[in-house]
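Written below as structure tokens is the structure these notes are about.
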Amino acid sequence: MTSLTNTRGPRRDFLPSSSKLRAISWRAVSVILTLAGLLALTFFMGRLLPDDPVLAVTGYEVDEATYQKVFKELGLDRPVWEQFMSYMGGVLQGDLGRSLTTGQPVVQDLMRAFPATLELALVAALIGSLLGIPLGIAAAVNRGSWIDHLARVIGLAGYSIPIFWLGLMGLFVFYAKLNWIGASGRVDIFYEGMTPTITGMMLVDTAIAGDWTVFKSALRHILMPAAVLGYYSTAYISRMTRSFMLEQLSQEYIIAARAKGLSRRSVIWRHAFKNIRVQLLTVIALVFGGLLDGTVLIETVFGWPGVGQYLTRGLQFNDINVVMSTVLMIGVLFLAVNTASDFLYRRLDPRTR
């Protein structure tokens, strides 16, 4: 009997590990398939663009011999499936081609532009979280009051007003009229290159260097574009927070907590809010992922030298390598953020394990 008990014990311990291993395997397979689909999408998107990739390299004033030579150098004479396999092999090796506008490898350009977009998205997500969560909680707690109606108006306006129009109005009021913010770029032009690049994020690098004059200039330049993006984040986060809180406030444990005589503050923050924190983490992660690929218009309006402006310039000059690589990078980042948020959700919420 003792021997039988000992053999069954490890087997029971092994079953959860096997289940976890299968779950991890399926997750890895889904990620790989998604990446493969994303690679195929970017490849065929580049092939379906109306502009001729050969003319984008040589220009329109080109003779037939040169055209055919470049056509073969680009591998366009091979079957489509061979072109796709070659493209996939280059991507897996970190080779995304060379930009026609800058003359540099696209990977280097993206590494130089991405920190600016990351910094802008982080500040915007921080603004959206600091404003959206308290607003959503206040709207849920005071359901039907003026605070609730105000939160709804803010959310409706956030979904309705074009983001580029809001950015232009912000520039007109706060730069042209009040001169409270910087115009284009990340710092004033005479501060460029003064701070050593460590992370590529201007606020972080200037703080590390202790150069507070340049830090203030960087803060003046990032506040307006981050505030515009943060407003749209606030609209979504506040709406989701209100929905989550209304669901929790109607639960029986909240009624029991109130019956015990707990204070309103304790009921809201120690009980109801505690049970929506994990859900809010997923919402904020989705918002952050959306900000990474949604900064194109704002970066263009404010002259912000990030991935969005790099993509816009690639579209203007028919730079196919830039367009394909930027879309691929944004897709990979969004997938990574979603995967990380899903992992954290499962780790922090025992009910999903």
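The values are calculated or read from the model by the stated rules, or taken from the named source; none is laboratory data. What you see is a predicted model; the values in this text were computed from it and never measured. Cβ: placed from backbone, ideal geometry, glycine included. Neighbour counts: every protein chain shown.
Points to keep in mind about this one:
- ASP293 being at pLDDT below 85 and surrounded by fewer than 21 Cβ atoms within 10 Å (Cβ to Cβ): yes
- Residue count, region 257-275 (criterion: farther than 16 Å from GLY136 by Cα and among the basic types (Lys, Arg)): 4
- All conditions but one from (1) in contact with a Ser or Thr (Cβ under 9 Å, 6 or more places away or on another chain); (2) at pLDDT below 90; (3) within 26 Å of MET45 (Cα to Cα) apply to ALA151; the one that does not is (3).
- Any chance SER325 is under 13 Å from the mean Cα position of the chain (by Cα) and of a type outside the set (A, V, I, L, M, F, W, C): no
- Taking the criterion of being among the acidic types (Asp, Glu) and either assigned by TED's automatic domain parsing to the domain that holds THR34 or part of a helix (DSSP H, G or I) (or both), the only residue of region 308-346 that qualifies is ASP342.
- Per the conditions (1) part of a loop (DSSP other than H, G, I, E, B); (2) surrounded by 17 or more Cβ atoms within 10 Å (Cβ to Cβ); (3) of a type in the set (Gly, Ala, Ser), the sole criterion not satisfied by GLY170 is (1).
- In region 93-113, the residues that are without any contact (Cβ under 8 Å) to a residue 24 or more places away in the chain and on the phi < 0 side of the Ramachandran plot reach residues that are crowded, with 16+ Cβ neighbours inside 10 Å and in a helix (DSSP H, G or I) with C-beta atoms within less than 7 angstrom, at least six apart or across chains, in these pairs: THR102/ASP109.
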